[in-house]
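The values are calculated or read from the model by the stated rules, or taken from the named source; none is laboratory data. What you are looking at is a predicted structure, and each value in this text was computed from that prediction instead of being measured. Counting neighbours? That spans all protein chains shown, and the Cβs are built from the backbone with ideal geometry, glycine included. Calculation scope for accessible area: heavy atoms of the full protein, side chains included, ligands and nucleic acids excluded. Shrake-Rupley method; radii C 1.70, N 1.55, O 1.52, S 1.80 Å.
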Amino acid sequence: MNKLITGSKYAILAVVLLSTLFPVYWMTVIATQADSLAKVSLVPSAPTWKHVISIFTVERYMLPLANSFMVTAASLLIVLVFGLSCAYVLGRRSFRVKFRNALLVWVLLVRVLPPIAFALPLYILMNDAGLLSTKLPVILAHVLINLPFVIWFMLAFFSGVPEEIEESARVDGASEFTIFAKVIVPLVVPGIAAVTILSFMDSWNEYLYSVIFIQSPDSFTVPLKLATLNSEQELTEWGKVASGGMISMIPVLLTAVFMQRHLMNGLTAGAVKE
């Protein structure tokens, strides 16, 4: 009976794993298929890298990659700085914040509302400021999306840190900033790693605000560039679309792998603390 249960668990795990990895494999097959209009088999007979080469030489795909990295890195830095600070202040009892619950509800409302609700106010604001030709509107839009998520996500981590640790640091003469940066933040590294991965993916794959605010092809991000490859004039360029999608996964995977190490190290360190 135990063997049957164990076998069923492994079978379910295998099905879930295959269903998760198959879209990635299928995209790779299309990207390496010589003729994307021909019959595509599960195992391509003559794989080629011409679509990958073409997307860099003809479509200048390196520019959207650089734009996406710039927008994602800038928005992620702003989100982490302000999000961690706000979550720390709202999550610790030592700070007497008026209308704490109202502020938390307000932050949650910003996250709950659909992103399109902020598109028109942001567009008018950036247009009046003359910033539509820059990347700043997209960066601020990504901050608007991810900042409430970071605050709510990290709120539970900061609330779970014992207050005695802060009190001991204050007795030793540490300032509030020192307590936050050198005492509390190292204890919530797993949460920071998790929120960094999720925020990076959300910002890297964001399409709505990019298509609204970006006006120049030289400022296209990766999702916007991939959308233009599948236009009415180029409906047959599936090889390039698949190649671009395959390449766009690499920064996200590298970020996840790098932050996962910090995530596991933080969890392990927390498990052995006395």
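Probe radius 1.4 Å, ligands and nucleic acids left out: which of Glu164, Glu59 has the largest accessible area, and how do the rest follow?
Descending accessible area places them as Glu164, Glu59.
When only the heavy atoms of the protein chains count and the probe is 1.4 Å, how do Asp218, Asp128, Asp202 rank by accessible area, highest first?
Of Asp218, Asp128, Asp202, the descending order of accessible area is Asp128, Asp218, Asp202.
What distance in nm lies between label points placed 7 Å from Cα along the C-beta direction at Ala129 and Ala117?
Placing both labels 7 Å beyond Cα along the Cβ direction yields 2.2 nm.
Rounded, prolate or oblate: pick one for region 64-213, where a ≥ b ≥ c are the square roots of the eigenvalues of its C-alpha gyration tensor, a/c under 1.5 means rounded, and failing that, prolate if a/b is larger than b/c, else oblate.
Cα axes put region 64-213 in the prolate bin.
Could you rank the peptides 6-16, 150-160, 130-140, 170-180 by their average count of other C-beta atoms within 10 Å per residue, with the highest value first?
Result, highest mean Cβ count within 10 Å first: 150-160, 130-140, 170-180, 6-16.
Spin-label point model (7 Å from Cα, Cβ direction): what's the Phe258 to Ala46 distance in nm?
4.0 nm
Could you tell me the relative contact order of the chain? Use alpha-carbon pairs under 8 Å, at least six residues apart, and round to a whole percent.
Value for the chain: 29 percent.
Work out the FRET efficiency for Ile53 and Leu136 from their Cβ-Cβ distance, taking R0 = 35 Å, and round it to the nearest 0.05.
Using R0 = 35 Å, I get an efficiency of 0.55.
For the chain, what is the charge dipole size about the Cα centre, in debye to the nearest 20, if Lys and Arg each add +1 at the Cβ and Asp and Glu each add -1 at the Cβ?
In total the dipole reaches around 480 debye.
When the helix-only estimate is applied to the chain (DSSP H runs of n ≥ 4, each -39,500 (n - 2.57), divided by the residue count), what is the mean residue ellipticity at 222 nm, nearest 500 deg cm²/dmol?
-23500 deg cm²/dmol
When all protein chains stay in place, what accessible area (Å², nearest 10, 1.4 Å probe) is found for Ile124?
Estimated to the nearest 10 Å², Ile124 gives 80 Å².
Does the chain classify as rounded, prolate or oblate by the C-alpha gyration tensor (a ≥ b ≥ c root eigenvalues; a/c under 1.5 gives rounded; else a/b over b/c gives prolate, otherwise oblate)?
oblate
Just to confirm my numbers, what's the Cα centroid distance between region 177-232 and region 43-121 in Å?
Between the Cα centre of region 177-232 and that of region 43-121, the gap is 3 Å.
As an exercise, use a Förster radius of 30 Å and the Cβ-Cβ distance of Leu63 and Phe177 to find the FRET efficiency, rounded to the nearest 0.05.
Computed FRET efficiency for Leu63 and Phe177 comes out at 0.15.
For the chain, compute the number of Lys pairs whose alpha carbons are separated by less than 17 Å, excluding pairs fewer than 8 positions apart on the same chain.
Lysine pair count for the chain: 5.
Taking a 1.4 Å probe, which of Trp238, Trp204 shows the most accessible area, and what order do the others take after it?
From most exposed to least exposed: Trp238, Trp204.
I'd like to verify something in the chain: which complete DSSP H helices, judged by Cα projection on the helix axis, reach 20 Å or more and average at least -0.5 on the Kyte-Doolittle scale?
Counting only whole DSSP H runs, the qualifying helices are 2-31, 62-91, 136-159, 189-204, 238-272.
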